[in-house]
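The structure appears right after this line, and notes come after that.
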Amino acid sequence: MENAKRLYEAVLEGDAKTARSVTEAALAAGVDPQKLVTEQMIPAMDEAGRRFECNEFFVPELLVSARAMKAALELIRPLLAARGAQPAGRVVIGTVKGDLHDIGKNLVAAMLEGGGFEVIDLGVDVSPERFVATAREKEAHLIALSALLTTTMPSMQATVEALQRAGLRERFKVMIGGAPITQKYADEIGADGYSENAAGAVALARRLSAPM
Amino acid sequence: MNSRERFFAMLDGRPVDSLVLMPITMMYAADQAGVRYGDYAADHRVLVEAQIVTAEKFDLDYVSCISDPGREAADCGAVVKFFPDQPPAIDEQQARLADKIELARLRAPDPLGGGRMHDRVRAAALFKERVGYSKVIEGWVEGPCAEAADLRGINSLMMDFIDDPAFVQDLFAFVIEMELRFARAQIEAGADIIGVGDAAASLVGPRIYEEIVWPWEKRLVDGLHALGARVRLHICGNTSRILDGMGKLGCAIVDLDLASMADGRAKMGPDQILLGNIHPVHVVKNGTPEAVTAAIAACHRECAPRFIVGAGCEVPRGTPAENMMALTRYAREHRP
Ligand code: B12
């Protein structure tokens, strides 16, 4: 597992090249791809998230870690899929209508991927209808909404309402976040969960997608 | 004292009759004048009228050319989307420097070349004509980090800091030259102070800020001083970890957004004028007039006497007039 330890370090250091080559070498040596994910990549992203919360990492460091993680994941994902391994859950994520802020959303999406979720990222300025249609089409478990502007927060409520109107509210869990969002707001609009940061978002998604 | 006299006396450390009042208004100003924000950002005559209406209504000491960060990028050829009643937005998917090679081909636009930058220069000139004897006129440029983010895409720039710092340095060099030309045109047209907005600088952490961003902010500020302007630095967001550096830039005024005024005072020393910083959403927009008064009094206590009344960032659209009035009343009823 000497090589695999280097994967943990490469992800944490944001070194995508090394993350790829170490992963290739480990796979060639017969290391279990699932183990690479659970023992190296997830802990590395957890550590990156922790450092971000303690102000040891900032946006640049977290973004390059996420990119390194994705580089390794690209090699591993097809192998897991071929084995029929199920993702921890399928998440449709996006920044709500009228809002173009996406750094936080990108970090959350990357952390979710690192946490073993399949992530469908709709980008920014996403309408309630598009969230609903995509979640239905892709048979997602979770819808994750990000908003950074107080003026675009109401679009979160509109998305929850659009789900209700479509008779789909029970089918998907809705989680929300972004700097102006609070637990209180999540409760008010009937979202299933809120998290203040990207690391918390993964724990939340795990909780929400656990079978009741 | 009129606003200009009060402002320059305050800057020079002479006695003044009341606190100086300089909250940032953009969409709020457009709403005061009953104009749509798309027009405000596109036509300097609309902007100037709305700024003057707002400054007169709330007795603000200044008027500003600020509208959105996309002016320079638009003139550099970036794709900018306009909306009827929202700020224009740069399309990051099609960033001007999505391919780094493009930097070599980029030429600094002529600020008098009929583009969006020229529209801002015209705003400065029209302000001078309309309120040049009573109000302070603020021009505006983007700082290195903010403008580089507008040209390159903010997500890419953040990674460039780690992947390719040499590219970032080259990009910053381009930006600083462009911004200094832009500032010169605004100063020649009538701007008394230049605001430098460097929003994205709050995202990078102290090491990158000090090693890569700060030296270019410093060059920009020194260049602006050489042009005879006073400088106001505005970095949105949580700047707690970079306050030291912000203080060492030598700006006449430093705005604080999500950082404590007491901390700012401690880190920047007794002489630095600090502007701010009641919370734009929780207090200015959603609070009561009493809450506004209490919050601004706390800021004042924490950093008197070198203090200017303002909010942490733009006064949001939908702020009740009573809340703005509370800010005005506080400023007029108190001395530094
Ligand atoms: C970068 C930035 C921009 C960039 C955005 C580029 C981009 N591609 O994202 C640009 C320049 C385009 C921009 C534009 C504007 N902005 Co802006 N911007 C910022 C800034 C500086 C940083 C935001 C950021 O990325 N933070 C870093 C990330 C990592 O944090 P985060 O997004 O909060 O995400 C974390 C958590 O919230 C959580 N999270 C996020 N999403 C989700 C989702 C889920 C499901 C979960 C569980 C968790 C979660 O996890 C993340 C990681 O821990 C902030 C100020 C600041 N420093 O906070 C202003 C700020 C957000 N902007 C603001 C404003 C007003 C605007 C403009 C209207 C300005 C204008 N007049 O032009 C426009 C609006 C454009 C639009 N229609 O969206 C205001 C918002 C005020 C408000 N509350 O309404 C802020 C707070 C600045 C201020 N102090 O006034 N902006």
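Annotations
- Residue match in the range A:159-180 (condition: among the polar types (S, T, N, Q), touching a residue at least 12 places away in the same chain (Cβ under 8 Å) and either open to solvent by 10 Å² or more (accessible area, probe 1.4 Å) or near the ligand (Cβ under 10 Å from one of its atoms) (or both)): no
- Selection status of residue B:223, touching a Ser or Thr at 6+ places or on another chain (Cβ under 8 Å) and more than 14 Å from chain A (Cβ to nearest Cβ): no
- Number of residues in the range B:264-319 that are assigned to a loop (DSSP other than H, G, I, E, B), open to solvent by 20 Å² or more (accessible area, probe 1.4 Å) and in contact with an Asp or Glu (Cβ under 7 Å, 6 or more places away or on another chain) equals 3.
- Counted residues, the range B:216-240 - those being over 24 Å from residue B:7 (Cβ atoms), more than 16 Å from the ligand (Cβ to nearest atom) and open to solvent by less than 40 Å² (accessible area, probe 1.4 Å): 1
Each row is one residue, and each column tells you yes or no for (1) within 28 Å of residue A:150 (Cα to Cα); (2) at pLDDT below 95; (3) of a type in the set (Ser, Thr, Tyr).
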residue: B:225; (1), (2), (3): no, no, no
residue: B:266; (1), (2), (3): no, no, no
residue: B:283; (1), (2), (3): yes, no, no
residue: B:286; (1), (2), (3): yes, yes, no
residue: B:294; (1), (2), (3): yes, no, no
residue: B:308; (1), (2), (3): yes, no, no
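- Among the residues making up the range A:52-87, those that are closer than 19 Å to residue A:16 by Cα, open to solvent by less than 70 Å² (accessible area, probe 1.4 Å) and either among the basic types (Lys, Arg) or more than 14 Å from chain B (Cβ to nearest Cβ) (or both) are A:72, A:73, A:75, A:76.
- If you check A:5, A:70, A:35 for being among the basic types (Lys, Arg), over 30 Å from residue A:173 (Cα atoms) and away from the ligand (no atom under 14 Å from the Cβ), only one passes: A:5.
- Looking across the range B:109-141, the residues that are in contact with an Asp or Glu (Cβ under 6 Å, 6 or more places away or on another chain) and outside any helix (DSSP H, G or I) come down to B:109, B:115, B:136, B:137, B:141.
- Flag for residue B:177 being surrounded by 23 or more Cβ atoms within 10 Å (Cβ to Cβ), out of contact with any helix residue (DSSP H, G or I) (no Cβ under 7 Å at 6 or more places or on another chain) and either more than 14 Å from chain A (Cβ to nearest Cβ) or not in a helix (DSSP H, G or I) (or both): no
The values are calculated or read from the model by the stated rules, or taken from the named source; none is laboratory data. On a predicted model such as this, the values are computed, not experimentally measured, just so you know. Virtual Cβ from ideal backbone geometry, glycine too; neighbours counted across all protein chains shown. These accessible areas exclude ligands, DNA and RNA; they are computed on the full protein's heavy atoms, side chains included. Shrake-Rupley method; radii C 1.70, N 1.55, O 1.52, S 1.80 Å.
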